[in-house]
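The values are calculated or read from the model by the stated rules, or taken from the named source; none is laboratory data. The structure presented is a predicted model; accordingly, all values stated were derived computationally and were not measured. Note that we place each Cβ from the backbone using ideal geometry, even for glycine, and neighbour counts take in every protein chain shown. With ligands, DNA and RNA removed, areas are computed over all heavy atoms of the protein, side chains included. Shrake-Rupley method; radii C 1.70, N 1.55, O 1.52, S 1.80 Å.
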Amino acid sequence: MTGSPYRIVILGGGTAGWMCAAGLSRLLPAADYDITLIESDEIGTVGVGEATLPHIKTFNDMLGLDEAEFMRAAMASFKVGIEFVGWGREGERYIHPFGTFGERWAGADFQHHWARARLAGSDRRSLQDYSFAVAVCRAAGFEHPGEDPGSIRSTYAYAYHFDAGLYARYLREWTTARGVRRLEGKVASVRRDGESGDVAALALESGAEIAGDLFVDCSGFRSLLLGQTMGVPWHDWSEWLPCDRALALPCAGTAPMLPFTRCTAQRGGWTWRIPLQHRIGNGHVFASEFCSEEDAERTLRGAIDGEVQGEPRLLRFQAGRRGAGWAGNAVAIGLSSGFLEPLESTSIFLIQAAVTDLAALMPRRGQRVDPRLRAEFNRLFEVHYDRTRDFIVLHYAANAREGEPLWDHVRHMALPDSLTHKIELFRESAIAPDYALGLFSRDSWLSVFEGQGVVPRAHSPLAERLPLPELQRRLDDLAERIALNAAEMTPLAEFLADYCAAEGVALPGVAVSAA
Amino acid sequence: MSGVAILGRGAPLWLAAAALRRALGPAGVEVDAVALPDETAPGDLYPTLPAIEALHDQIGIDEAVLLRGARGAFTLGRNIVDRSGAEQPPLLLAHGGYGTGIDGEDFFPHWLKARHHGLGVGLDDFSLTASAAHQGRLFLPDEVSARYGRADYGYHLPAAGYAKNLKAIARHLGVRIAETRTVDVEHGEAGVTALRIDDGTRIAAALFVDATREGVVLREGLGEAFVPWAAPGDRMFTARAPRLASVPVYAEVRAGAEGWTALYPGLTHLHVAHVWSSAAASDEEALAAAGAASGFALEAPAVRAVAPGFVHEPWTANVVGVGEAAAGFDPLHGFALHALQLGLVHLIACFPTGGAMEARRAEYNRQMAIHIARVRDFEVAHFALQRHAGPFWDAARRVPLSAELDHLIALFRARGEIAPQEGESLPPDAWRALFTGLGVVSEGWRPAADRLPPDAAKAHFRKMLGFVREQVLRQPTHDAYLARIAQASRG
């Protein structure tokens, strides 16, 4: 290979920036790429991504991180699902589990059997009762999933709650030790190539100029390169997702520690609760058109169950994405490329997907950006954002909070056609979305459908291959296996204390041992 | 839903009837099969993709019984050889996978890179099935071979014998069978209410499945438009020739200047298909020329039109088109049963249970549209990229590409990647083998492949080649295995 290494310049050192630097340095051959990350300690990071999806484990495993070490460093806890409170009627709750519902019997997916037994009146259990992951959440337990595919203990996956700032710092150590150059500085101006319009270099306030071949924009909401410099238009999704503010306010941990994120619907939006080792992250996502900041703060303080730490921090945003994630030689990853509220913990997944796609489509040493590779990146970028959007919009569209202006509005809004079809199909037939590309499996869709009152009126005739008494026997057996195994789970806080507790942290509900 | 009536002929009718009855019978769904006069000619044969095995298993079809009864044989793929004078290398499209992962990463980028640096070993040598095909051996996958990669096979199923077998199975499963020369479609408010047959019987159903070649109910009855696809050939004949001394384990497709001739080995005969353009030759001329060119004595030739195309909404009102009623492909790659299988799988998944069915209808049409489009892209990719000489192949090169296919080819050229698509039913290795075999040379590979030192890659390659050679040598010859299957019935 001739010539100098291909120069990648990453602008911004938040979660997106360091995940990008770590992923690229791991996936690209070191000899051919020169990776620089520019960040400024003066610029705060948003760090909304405290809650993750199970895919993050694939990313960390790809890097080769030691799980216990990373968890200690990032004050991380385990997460087996997301609990939604009050999204149907006030007080109703369900869990979106990181696991499967039931088993496939007689050639038909489980929900058809469940729907049949319910419609026949022989079974009154919720779909929730047929998920081991839900039972683990309810038991406030955690253990690593089993490996025997025949065991109910293998039917779930897990993710983490962590301090995104600490995770980024951990990745920074890991990445800079592997040859990625970190520069402290703020960008004063962007120099572009007159002919192509590509970014040629970033001029820092110090006077230094950082030239590169490809620039990754991890500058957050500013979208300095993709939005401001390249002028890639913004697609506004607030017609479907009207929330545009968030207040964040952490508190001390409470016992028992819970292995799930909780999202509670409120009059003007919803509040989150994310337990970490050393605190609970809380926040209130709300729609300024329907809820004042004062009301939001009152609601948030009312929702917090531990001793409040510090003052609330306000974030402003708009739901949507850029028309493309990659323009010219600038690629946006993270908030610079789009924003979806953290209702389904998708921010970090969207970063991870972009990093993985970019690594596979990265120009090779001595080459320029290839429009064919860029087109593929942008195609996948749209798939990831748009599918995630539909899933999040479903939570709003299927609410049952009648008489509250925000909720009445989103219950009656016109939906994307792709989402309308999914809802009608499930109601008519119990067929749930099952696609090859993009986020959210059939089980995820099932949990929200049932949890928010979208119930099937019919089921696949394939389910009728099982005689009804045989079906009921199997359902009872399944529910029993789930309950028995969940009862034996180690409490989450105890598991963390043994496995990955950070030094000096007192986990809620765990007696400090004298060892 | 009281019942379903299926109109069709031959193997497609009986496969649809058996599959629906087997899946839905336990739910009390009665299946009426209304059979129009069979048009199957002695030379007709279905080459199948490996996926058909799943449908056969679901119906409960035993492989050995099927091959004996239908006089079928195994196939590891199709080998397209140039007889057009363009002196192109043969294109073997084997059914199995190519290579095995290296340290958890795809094989293909490593092979691309090595070839760029002068590796002289082709993709076929890394494939269990392609290597077996070259050596006249079948490949029967086991746990050891599965760890290396997919080693799938399809069948050559003579249409008449296959239909006879399927009809017996359908009858055994409780399908009610009516035979008729003509059919009248009776309409009502919600679509079709009944089929009236020759003897005056009125076959009523809540749902009708159209498995006819020409879309008797869907297109002629309901007026759904058939959208033709461009293709270089519009005429086809099939014929039979005596069995070869040794039964090859793949199909050979000879690409001549005026069309192509396929040789499909079966258990008792060699089946021959020939496709050409009526603008270039009359039926008589084509028969004579193809007969002479093949070098075989052709028996029982039968000519028919080739008219690929699709219907936008194959499920309209209460009529569901499957197979050629919904979408017909060019015969070159043998996608006919694959298209039928896609329809049956999605129909069973979306089968209505009484009450509203609008959403399931929309879902069936959506799924069919994306799945059919991907299969069509595959045949168009071959048309567009092949390098045979002559007017037939010039016309093939003029067939327009979809935007998705255009992107797929561009991405492969740029980086050797197959863009993942919703609705894809062919494995990525099928696309890789097609592009590579047609001489599309990727300009690069994913950079991650450069993390492996060239010597380490070479060592992995040597190990793979050794493994493939050793595995293939352990396999039975096609002849020996067919003999074993034939004997089992007497034993």
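Kindly establish whether residue B:300 is open to solvent by 30 Å² or more (accessible area, probe 1.4 Å) and either out of contact with any Leu (no Cβ under 6 Å at 6 or more places or on another chain) or over 15 Å from residue B:215 (Cα atoms) (or both). Yes.
Per-residue answers, yes or no, for (1) within 19 Å of the chain's Cα centre (by Cα); (2) aromatic (Phe, Trp, Tyr); (3) part of a loop (DSSP other than H, G, I, E, B); (4) away from chain B (no Cβ under 14 Å):
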site: A:438; (1), (2), (3), (4): yes, no, yes, no
site: A:446; (1), (2), (3), (4): yes, no, no, yes
site: A:472; (1), (2), (3), (4): no, no, no, yes
site: A:485; (1), (2), (3), (4): no, no, no, yes
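Being surrounded by 19 or more Cβ atoms within 10 Å (Cβ to Cβ) and under 26 Å from the mean Cα position of the chain (by Cα) holds for only one residue in B:138, B:112, B:173, and it is B:138. Would you please name the residue that is farthest from residue A:474 (Cα to Cα), looking only at residues in the range A:128-151 that are crowded, with 23+ Cβ neighbours inside 10 Å and among the aliphatic types (A, V, I, L, M)? Out of the qualifying residues, it is A:136. Every test in (1) more than 13 Å from every other protein chain (Cβ to nearest Cβ); (2) touching a Pro at 6+ places or on another chain (Cβ under 7 Å); (3) free of Cβ contacts under 8 Å to residues at least 12 places away in the same chain is passed by residue B:447 save one, and that test is (1).
If you go through the range A:488-505 and pick out every residue that is out of contact with any helix residue (DSSP H, G or I) (no Cβ under 8 Å at 6 or more places or on another chain), among the small types (Gly, Ala, Ser) and under 17 Å from residue A:258 (Cβ atoms), you end up with 2. Working only within the range B:439-451, note down all residues that are buried (at least 18 other Cβ atoms within 10 Å of the Cβ) and not charged (D, E, K, R). Selection gives B:442, B:444, B:445, B:447, B:448, B:449. When B:415, B:366 are screened for being at pLDDT 95 or above, facing another protein chain (nearest Cβ under 10 Å) and crowded, with 19+ Cβ neighbours inside 10 Å, only B:415 passes. Among the residues of the range B:156-185, just one is among the hydroxyl-bearing types (Ser, Thr, Tyr) and more than 25 Å from residue B:200 (Cα to Cα), namely B:162.
Among the residues of the range B:225-246, those identified as assigned to a loop (DSSP other than H, G, I, E, B), over 20 Å from residue B:40 (Cα atoms) and out of contact with any Asp or Glu (no Cβ under 6 Å at 6 or more places or on another chain) are B:225, B:229, B:230, B:232, B:233, B:244, B:245. Just one residue in the set A:394, A:373, A:361 is facing chain B (nearest Cβ under 8 Å) and either over 23 Å from residue A:32 (Cβ atoms) or in contact with a Phe, Trp or Tyr (Cβ under 6 Å, 6 or more places away or on another chain) (or both); that residue is A:361.
Every test in (1) within 14 Å of chain A (Cβ to nearest Cβ); (2) out of contact with any strand residue (DSSP E or B) (no Cβ under 7 Å at 6 or more places or on another chain) is passed by residue B:452 save one, and that test is (2). Identify the residue in the range A:195-225 that is under 22 Å from residue A:322 (Cα atoms) and out of contact with any strand residue (DSSP E or B) (no Cβ under 8 Å at 6 or more places or on another chain) and, among all such residues, is surrounded by the most Cβ atoms within 10 Å (Cβ to Cβ). Filtering first and then ranking leaves A:220. Residues that are in a loop (DSSP other than H, G, I, E, B) and within 28 Å of residue B:130 (Cβ to Cβ): does the range B:275-285 have at least one? No; the residues of the range B:275-285 include none that is in a loop (DSSP other than H, G, I, E, B) and within 28 Å of residue B:130 (Cβ to Cβ). When we screen A:267, A:262, A:273 for residues that are within 20 Å of the chain's Cα centre (by Cα), open to solvent by 10 Å² or more (accessible area, probe 1.4 Å) and under 28 Å from residue A:414 (Cα atoms), the only hit is A:262.
Mind listing whichever residues of the range A:448-470 are more than 10 Å from chain B (Cβ to nearest Cβ) and part of a helix (DSSP H, G or I)? Selection gives A:448, A:449, A:450, A:451, A:468, A:469, A:470. From the list A:129, A:66, A:109, A:61, the lone residue that is among the acidic types (Asp, Glu), closer than 18 Å to residue A:431 by Cα and at pLDDT 95 or above is A:109.
Of all the numbered requirements in (1) surrounded by 21 or more Cβ atoms within 10 Å (Cβ to Cβ); (2) within 8 Å of chain A (Cβ to nearest Cβ), residue B:358 misses one, and that requirement is (1). Taking residue B:212, is it closer than 30 Å to residue B:131 by Cα and touching a Lys or Arg at 6+ places or on another chain (Cβ under 9 Å)? So residue B:212 does not fit the description; no.
For the range A:171-194, the tally of residues that are outside any loop (DSSP other than H, G, I, E, B) and either buried (at least 19 other Cβ atoms within 10 Å of the Cβ) or not polar (S, T, N, Q) (or both) stands at 14. Within the range A:468-484, being surrounded by 19 or more Cβ atoms within 10 Å (Cβ to Cβ) and closer than 22 Å to residue A:79 by Cα holds for one residue alone: A:482.
Of the numbered criteria (1) open to solvent by 50 Å² or more (accessible area, probe 1.4 Å); (2) assigned by TED's automatic domain parsing to the domain that holds residue B:115; (3) farther than 17 Å from residue B:100 by Cα, the one residue B:460 fails is (3). Whether a residue is touching an Asp or Glu at 6+ places or on another chain (Cβ under 9 Å) and outside any loop (DSSP other than H, G, I, E, B) was assessed, and residue B:203 passes this test. Just one of the listed residues (B:399, B:375, B:440) is in a helix (DSSP H, G or I) and not acidic (Asp, Glu), namely B:375. A residue that is within 14 Å of chain B (Cβ to nearest Cβ), touching a strand residue (DSSP E or B) at 6+ places or on another chain (Cβ under 6 Å) and surrounded by fewer than 23 Cβ atoms within 10 Å (Cβ to Cβ) cannot be found anywhere in the range A:407-419.
Applying the criterion of being in a loop (DSSP other than H, G, I, E, B) and under 15 Å from residue B:465 (Cβ atoms) to the residues of the range B:107-124, the residue that is modelled with the highest pLDDT is B:107. Just the residues that are open to solvent by 10 Å² or more (accessible area, probe 1.4 Å), closer than 19 Å to residue A:344 by Cα and assigned to a helix (DSSP H, G or I), please, taken from the range A:386-406. Hits for the range A:386-406 are A:386, A:387, A:389, A:397. If I filter the range A:232-245 for residues that are exposed (fewer than 15 other Cβ atoms within 10 Å of the Cβ), among the aliphatic types (A, V, I, L, M) and modelled with pLDDT of 95 or more, do I get at least one hit? Looking for residues that are exposed (fewer than 15 other Cβ atoms within 10 Å of the Cβ), among the aliphatic types (A, V, I, L, M) and modelled with pLDDT of 95 or more, one finds none in the range A:232-245, hence no.
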